[in-house]
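Trainee: Quick one: this structure, given as structure tokens, is what I'll be asking you about.
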Amino acid sequence: MSNTAESTAKRPLRVAIVGAGPAGVYAADILTKSNEVKDGDFEVSIDLFEAYPAPYGLIRYGVAPDHPRIKGIVNALHKVLDRGDIRFLGNVTYGRDLTLHDFRAFYDAVIFSTGAIKDADMDIPGIDLEGSFGAADFVSWYDGHPDVSREWPLDAKEIAVIGNGNVALDVARMLVKHADELLVTEIPDNVYQGLKNSPVTDVHVFGRRGPAQVKFTPLELRELSHARDVDIVLYPEDFEFDEASDDAIRSNNQTKTMVNTMTNWLVEEHAEAEQPSSRRLHLHFLHSPVEIYDDGGSGKVAGIKFERMQLDGTGNVKGTGEFIDYPVQAVYRAIGYHGSAVDELEYDAKRGVIPNECGRVLDADGNPVPGIYTTGWIKRGPVGLIGHTKGDALETIGFLLEDRLTLPPAQNPDPQAIIDLLEERGIEYTTWEGWNKLNAHEAALGASWTESAAGNDGVVRERIKVVPREEMIQISRG
């Protein structure tokens, strides 16, 4: 019997998960429900660490607040953590508050599920002009991220959003939607006030390929049509389909649904509206960004230049040599997220991931690092929907279970030991009980607003998100 097998035979296997978003919670849930644990082969003790005082990661700080699916995902994650067999420790930052050496001392295995929160780079002239933003930063602002500024410059009337994925549509929808429609969500008051005072009239969403190659989902697309006093504008010249497009429409129901929806919109928009809307959301295809430019050296975005593209028969595109300028005062790039390096682990800067083999973290020589694993976007890159992280977690946990008898044993596996260390270092960690307090507080803020605004079009606010980290900690630990 190995040292780990001997040391854990009389105690639970101690596992730390770094990152309490969906990927981390799914990994914890799958491990606790594994056949080996259910059959009594061994016990497991899991601590779920999070850099923010609250759990849920991407769900709380990376998805538009008006998504109808979000509440269901939050409820599912809540049920997992509310069982009491997974310990949540928030406001603990890996690499600052705790090191890999610390985790090695207190846990037999560590799973990193730190996600991908930075914008992918776009290398075109003018990308650094004032008024050029990364979508991830804007998402963090409107989601009330505790570590970003409370202010956002919303002074543009015409805005370009570059990208044809779900994040691009989220950003465009949040920019063009009237703020009063968002009162039913949990948006913080500073976000509501900022969006309410926005002078925006036109938001343009640009994609490099055609309508049959878009990366967003039918649900995202349908949500665009629900915005009040917003016209959706499409352009006949953008509706180009090659052989690969036709194949995709025939063979993929999702693609067929999206193309049919947009084609119907294109036909319907020619009907004369009795009264034009005050805002417009433009969907452009076959546009490749070339340059963002200013006006006479002002240093501020004044427009963006695109090259018209054409499909090449395979679903990919090639340039036509035709260029089009659009006057805009702000540009948001939403071309994808990129993972960040994690202290003391190897990092693939090109892909933005921790090098791994099916979830086993690799060292500089490509060998598995005993006891260290990864899952979610930091494992495979920021692609796919939230639900896809379940498959990642299942794979990673499968290999952890396979390795469990040869893991390097924790020097101090007592669950109280890590708590003692956090307190010794003065870390104001938060707990699941603390999250329940904060959760109740945010719900009470919503109820108070609803009561004070009685008669205001019958708007009911279920909750209002608390933004300042210090306030979140105080409420959680109070």
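Trainee: Farthest toward the dipole's positive end in the chain, which of 197, 400, 341, given Cβ charges of +1 (Lys, Arg) and -1 (Asp, Glu) about the Cα centre?
Mentor: Result: 400.
Trainee: Subtract the Cα-Cα distance of residue 36 and residue 147 from 0.36 nm times their separation in residues, and report this length gain in nm to one decimal. Please list the in-between numbers first.
Mentor: On the way: separation 111, 0.36 × 111 = 39.96 nm, distance 4.02 nm.
Contour length minus Cα-Cα distance gives 35.9 nm.
Trainee: Give the calculated FRET efficiency between residue 300 and residue 10 to the nearest 0.05, with a Förster radius of 60 Å applied to their Cβ-Cβ distance.
Mentor: With a Förster radius of 60 Å, E is 0.35.
Trainee: Could you size up the charge dipole of the chain around its Cα centre, putting +1 on the beta carbon of Lys and Arg and -1 on that of Asp and Glu, and report it in debye to the nearest 20?
Mentor: 840
Trainee: By how many degrees, 0 to 90 and rounded to 10, does the Cα axis of helix 389-403 deviate from the longest principal axis of the chain?
Mentor: That helix lies at roughly 20 degrees to the long axis.
Trainee: Report the extension gain between residue 460 and residue 181 in nm, rounded to one decimal, defined as 0.36 nm multiplied by the number of residues separating them, less their alpha carbon distance. Provide the component values of the computation, followed by the final result.
Mentor: Working: separation 279, 0.36 × 279 = 100.44 nm, distance 1.12 nm.
Length gained between residue 460 and residue 181: 99.3 nm.
Trainee: Would you please give the FRET efficiency between residue 425 and residue 201, computed as 1/(1 + (r/R0)^6) with r the Cβ-Cβ distance and R0 = 45 Å, to the nearest 0.05?
Mentor: Taking R0 as 45 Å, the efficiency between residue 425 and residue 201 is 0.30.
Trainee: For the stretch 189-254, what does the alpha-carbon gyration tensor say about shape, rounded, prolate or oblate, given a ≥ b ≥ c as the root eigenvalues, a/c under 1.5 as rounded, and a/b over b/c as prolate?
Mentor: Prolate is the answer for the stretch 189-254, as a/c is 1.5 or above and a/b outweighs b/c.
Trainee: Please list 206-213, 309-316 highest first by mean number of surrounding beta-carbon atoms within 10 Å per residue.
Mentor: Values: 206-213: 22.8, 309-316: 15.1.
Going by the mean number of other Cβ atoms within 10 Å, highest first, we get 206-213, 309-316.
Trainee: Within 11 Å, Cβ to Cβ, of residue 324, how many net charges do the neighbouring residues add up to if Lys/Arg are +1 and Asp/Glu are -1?
Mentor: Details: positive: 305, 308; negative: 237, 307, 322, 325.
Summing Lys and Arg as +1 and Asp and Glu as -1 gives -2.
Trainee: So with the 1.4 Å probe, I'd like the accessible area per residue for the stretch 211-314, rounded to whole Å².
Mentor: Averaged over the residues of the stretch 211-314, the accessible area is 51 Å².
Trainee: Now for a different question. Taking the Cα centre of the stretch 346-478 as origin, work out the dipole magnitude from +1 charges on Lys and Arg Cβ and -1 charges on Asp and Glu Cβ, in debye rounded to 20.
Mentor: Numbers: 14 positive and 21 negative charges, 88 e Å.
Computed charge dipole of the stretch 346-478: roughly 420 debye.
Trainee: Residue farthest toward the positive end of the dipole of the chain, with Cβ of Lys/Arg at +1 and Asp/Glu at -1: which of 34, 115, 183?
Mentor: Working it through, the farthest residue towards the positive pole turns out to be 34.
Trainee: Further, regarding this structure: Using only Cα atoms, tell me the angle between helix 166-176 and the longest principal axis of the chain; keep it within 0 to 90° and round to the nearest 10.
Mentor: In the chain, helix 166-176 runs at an angle near 60 degrees to the longest axis.
Trainee: Looking only at Cα atoms, what is the convex hull volume of the stretch 331-478 per residue, in Å³?
Mentor: Per-residue hull volume (Cα only) is 206 Å³.
Trainee: I'd like the distance between the alpha-carbon centres of the stretch 359-389 and the stretch 423-472, rounded to an integer number of Å.
Mentor: Each part's Cα centre sits 33 Å from the other's.
Trainee: Tell me what the chain gives for mean residue ellipticity at 222 nm when only DSSP H runs of n ≥ 4 count, each as -39,500 (n - 2.57), the sum divided by the residue total, rounded to 500 deg cm²/dmol.
Mentor: -10000 deg cm²/dmol, from helical runs alone.
Trainee: Let me ask something else about it. Work out Dmax and Rg for the stretch 384-433 from the C-alpha atoms and quote the Rg first, both in angstrom.
Mentor: 16.3, 41
Trainee: Using a 10 Å cut-off on Cβ atoms, rank the peptides 141-152, 388-399 from the highest mean neighbour count down.
Mentor: Descending packing order for the listed peptides: 388-399, 141-152.
Trainee: Provide the gained length on full extension for the span residue 124 to residue 105, in nm with one decimal, where the gain is 0.36 nm per separating residue minus the Cα-Cα distance.
Mentor: Extending this stretch completely gives an extra 2.2 nm.
Trainee: Moving on. Once you have the alpha carbon radius of gyration of the stretch 34-158, what is it after dividing by 2.2 N^0.38 Å, with N set to its residue count?
Mentor: After normalising by residue count via 2.2 N^0.38 Å, the value is 1.38.
Trainee: Starting from the alpha-carbon convex hull of the stretch 97-168, give the projected area averaged over all orientations, in nm².
Mentor: In nm², the orientation-averaged hull projection of the stretch 97-168 is 7.9.
Trainee: In µm²/s, what is D for the stretch 322-370 at 4 °C and 1.567 mPa s, where D = kT/(6 pi eta Rh) by Stokes-Einstein and Rh is the Kirkwood radius from Cα pairs?
Mentor: After rounding, the answer is 94 µm²/s.
Trainee: Still on this structure, I have one more. Using a probe radius of 1.4 Å on heavy atoms only, what accessible surface per residue do you get for the stretch 9-85? Whole Å² is fine.
Mentor: Averaged over the residues of the stretch 9-85, the accessible area is 38 Å².
Trainee: A further question follows. Answer with a single label: of (1) 41; (2) 31; (3) 45, which was calculated as percent of Cα pairs over 34 Å apart from the structure in view?
Mentor: (1)
Trainee: Please give, to one decimal in nm, the separation of the simple spin-label points placed at residue 405 and residue 436, each 7 Å out from Cα toward the Cβ.
Mentor: 4.0
Trainee: Right, next: Which order, highest average first, do 378-384, 233-239 follow once you tally other Cβ atoms within 10 Å for each residue and take the mean per peptide? Kindly include the intermediate steps, with their values, before the conclusion.
Mentor: On the way: 378-384: 20.4, 233-239: 14.9.
Highest-to-lowest ranking by the protection proxy: 378-384, 233-239.
Trainee: Could you state, as a whole-number percent, how many of the C-alpha pairs of the stretch 277-373 are farther apart than 24 Å?
Mentor: Roughly 54 percent, rounded to a whole number.
Trainee: Considering only protein heavy atoms and a probe of 1.4 Å, how much of the accessible area of the chain is carbon and sulfur, as a whole percent?
Mentor: The C+S portion of the solvent-accessible surface of the chain is 49 percent.
Trainee: Please work out whether the stretch 102-257 counts as rounded, prolate or oblate from its C-alpha gyration tensor, where a ≥ b ≥ c are the square roots of the eigenvalues and a/c under 1.5 means rounded, while otherwise a/b larger than b/c means prolate and anything else oblate?
Mentor: Oblate shape, in that a/c is at least 1.5 and b/c is the bigger or equal ratio.
Trainee: If you don't mind, there's one more thing I want to ask. As I understand it, the value is the acute angle between the Cα axis of helix 22-32 and the longest principal axis of the Cα atoms of the chain; what does it come to in degrees, rounded to 10?
Mentor: Between the helix axis and the principal axis of the chain, the angle is about 30 degrees.
Trainee: Extending each Cα 7 Å along its Cβ direction at residue 247 and residue 344, get the distance between those two points in nm, one decimal.
Mentor: 4.9
Trainee: For residue 379, which lysines qualify as cross-link partners when the Cα separation must be under 30 Å and same-chain residues fewer than eight apart are set aside?
Mentor: Here the lysines satisfying the reach criterion relative to residue 379 are 33, 38, 71, 79, 118, 215, 350, 390, 465.
The values are calculated or read from the model by the stated rules, or taken from the named source; none is laboratory data. Owing to the predicted nature of the structure, the values given are computational and were not obtained by experimental measurement. Cβ coordinates were reconstructed from backbone atoms using ideal geometry, including for glycine residues, and neighbour counts include every protein chain displayed. We work out accessible area using only protein heavy atoms, side chains counted, and drop any ligands, DNA or RNA first. Shrake-Rupley method; radii C 1.70, N 1.55, O 1.52, S 1.80 Å.
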